[in-house]
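Scroll down for the structure; my scribbles are underneath it.
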Amino acid sequence: MADTKTLKESHNRIKKLLTIKPSKGQYTTTTKVRLRDGSTCDIQHKHWTFIGDVGKEEGGNDAGPGPSVLQRGALGSCLAIGYSKWAAVLGVPVNGIGVDVEADVDARGTYGMDDVEPGYKGLRYRVHIDSPASEEEIMNVIEQADKHSPLLADFVNPVKVERKVEIVRRSKVPDVSGLLTQEKGKVIRSEAEKREAKSPSFAKASEDKQVLE
């Protein structure tokens, strides 16, 4: 179980590693989301799998918390863990930590109404800390944690967002030979394409295409 000792040791060990090899802290991470049953999302990251959804009043299945709930929960948990870590690093005793995240919403933006922009109109978080330490020590913990919180930074600072769309034609499936593509029972590959498939360069071209995809 995580405690003051393990949190501090981990913080110092990782900081030392990143001092020696900064590249160890630079990477791309991916979380996969797959929709089913109209609105239920299976969310997977590493060995964790959990569910997101919308309520029945929005036409959903209410199988799990909505995206905005997960968003606020992510911010609140990131802050709470950060306070715990920095309290351990700075040697400030803490008995309990709580974070409440509240947001101002105008749902009209979600439905394209009245030129209202989607998204929160305001966001606030309240920090509850049970600690025998002085107010100065506690506020130093909070300031350090907030200053280095990755999710808080994502909320406060603009993040470059890129979109890539991959369209999958489910109606197209490879036949048993693996050389022809069929759509609704009809062969759609031309005779010229069949001849191309027999050429020596075809295999190499297919490999390149797989890499690009």
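Structure data summary
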item: Top-ranked residue of region 124-145 - restricted to ones that are surrounded by fewer than 16 Cβ atoms within 10 Å (Cβ to Cβ) and within 29 Å of the chain's Cα centre (by Cα), ranked as farthest from Ala107 (Cα to Cα); result: Glu143
item: Boolean, Val105 is surrounded by 10 or more Cβ atoms within 10 Å (Cβ to Cβ) and over 19 Å from Leu151 (Cα atoms); result: yes
item: Members of region 35-71 that are basic (Lys, Arg) and either part of a loop (DSSP other than H, G, I, E, B) or within 21 Å of Leu151 (Cα to Cα) (or both); result: Lys46
item: The listed residue being touching a Lys or Arg at 6+ places or on another chain (Cβ under 9 Å) and either part of a strand (DSSP E or B) or among the aliphatic types (A, V, I, L, M) (or both), out of Val99, Val127, Val92; result: Val99
item: Selection within region 103-124 - assigned to a strand (DSSP E or B) and touching a helix residue (DSSP H, G or I) at 6+ places or on another chain (Cβ under 8 Å); result: Ala103, Leu123
item: Residue tally, condition assigned to a helix (DSSP H, G or I) and over 16 Å from Leu90 (Cα atoms), over region 1-13; result: 0
item: Check on Ala74, surrounded by 12 or more Cβ atoms within 10 Å (Cβ to Cβ), out of contact with any His (no Cβ under 9 Å at 6 or more places or on another chain) and part of a loop (DSSP other than H, G, I, E, B); result: no
item: Any chance Leu75 is at pLDDT 95 or above, under 30 Å from Ile138 (Cα atoms), of a type in the set (A, V, I, L, M) and touching a Gly at 6+ places or on another chain (Cβ under 8 Å); result: no
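So that you can scan it fast, the table gives a plain yes or no per residue for (1) of a type in the set (Lys, Arg); (2) closer than 30 Å to Thr110 by Cβ; (3) touching a Phe, Trp or Tyr at 6+ places or on another chain (Cβ under 8 Å):
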{"site": "Asn12", "(1), (2), (3)": "no, no, no"}
{"site": "Leu17", "(1), (2), (3)": "no, no, no"}
{"site": "Lys46", "(1), (2), (3)": "yes, no, no"}
{"site": "Glu58", "(1), (2), (3)": "no, yes, no"}
{"site": "Asp62", "(1), (2), (3)": "no, yes, no"}
{"site": "Val94", "(1), (2), (3)": "no, no, yes"}
{"site": "Gly98", "(1), (2), (3)": "no, yes, no"}
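Residues checked against (1) closer than 30 Å to Val89 by Cα; (2) modelled with pLDDT of 95 or more:
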position	(1), (2)
Asp114	no, no
Glu136	yes, yes
Lys147	yes, yes
Leu151	yes, yes
Val165	no, yes
Arg169	no, no
Leu180	no, no
Glu191	no, no
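Yes or no, residue by residue, for (1) in contact (Cβ under 8 Å) with a residue 60 or more places away in the chain; (2) within 23 Å of the chain's Cα centre (by Cα); (3) outside the structural domain of Gly96 (by TED's automatic domain parsing):
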| site | (1), (2), (3) |
| --- | --- |
| Thr4 | yes, no, yes |
| Lys8 | yes, no, yes |
| Leu17 | no, no, yes |
| Gln26 | no, yes, yes |
| Arg36 | no, yes, yes |
| Gln44 | no, yes, yes |
| Asp53 | no, yes, yes |
| Lys56 | no, no, yes |
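The values are calculated or read from the model by the stated rules, or taken from the named source; none is laboratory data. On a predicted model such as this, the values are computed, not experimentally measured, just so you know. So basically every Cβ, Gly included, is an ideal-geometry build from the backbone, and we count neighbours across all protein chains shown.
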